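Asks: My questions all concern the structure below.
The values are calculated or read from the model by the stated rules, or taken from the named source; none is laboratory data. Just so it is clear, the model here is predicted, and its values are computed rather than measured. Using ideal geometry, Cβ is built from the backbone for each residue, glycine included, and neighbour counts are taken over all protein chains shown.
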Amino acid sequence: MPSTEIYQLDKPKLGELASRLSLTKPAISAMVRRLEKNGLVEKTQSNEDKRIFHLDLTEKGLKIIEGDYQLYEKFSKLFKNTFSTEQLDMLIDTLDKVVCKLSEENSCKDRGVSK
């Protein structure tokens, strides 16, 4: 999700976000326009180079990301309290395989996952 990447990269440039998500700059620009329209992201022009824009989450976007992280923490605790380490390893391996099957453009081998 682009907003999560914007949060993690901390005010990235459009090109940095495109690179991180393995997308073209036009594709990222379209996504950012939609996020701006929904009030989740804002672009700020660089003081040093007026051609460069940095991305930042709005308060609304930040609340969504924080909610996602809280949900992640709940699931993480639930899984750790429910499954053994061996079961978690098997689950992670299985989910990695599912993600690789669903994502044909990314190589599973690059991520250390066998199909």
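Asks: Applying the selection to the stretch 1-32, what residues are of a type in the set (V, I, T) and in contact (Cβ under 8 Å) with a residue 60 or more places away in the chain?
Replies: Pass one, the stretch 1-32, residues of a type in the set (V, I, T): 4, 6, 24, 28, 32.
Within the stretch 1-32, T4 is the sole residue that qualifies.
Asks: Could you grab me the full set of residues in the stretch 34-54 that are within 27 Å of L71 (Cα to Cα) and either out of contact with any Gly (no Cβ under 8 Å at 6 or more places or on another chain) or at pLDDT below 90 (or both)?
Replies: Scanning the stretch 34-54 gives R34, E36, K37, N38, E42.
Asks: For K77, which of the numbered conditions (1) farther than 25 Å from S103 by Cβ; (2) within 18 Å of the chain's Cα centre (by Cα) fails to hold?
Replies: Going through the list (1) farther than 25 Å from S103 by Cβ; (2) within 18 Å of the chain's Cα centre (by Cα), K77 breaks only (2).
Asks: Restricting attention to the stretch 1-39, which residues are more than 15 Å from the chain's Cα centre (by Cα), of a type in the set (G, A, S) and not in a helix (DSSP H, G or I)?
Replies: G39 - this is the single residue of the stretch 1-39 that is more than 15 Å from the chain's Cα centre (by Cα), of a type in the set (G, A, S) and not in a helix (DSSP H, G or I).
Asks: Quick check, is S46 loosely packed, with under 12 Cβ neighbours inside 10 Å and over 16 Å from T58 (Cβ atoms)?
Replies: In short, yes.
Asks: Now for a separate question. I need the full set of residues from the stretch 40-57 which are touching a helix residue (DSSP H, G or I) at 6+ places or on another chain (Cβ under 9 Å) and part of a loop (DSSP other than H, G, I, E, B), in order please.
Replies: L40, I52
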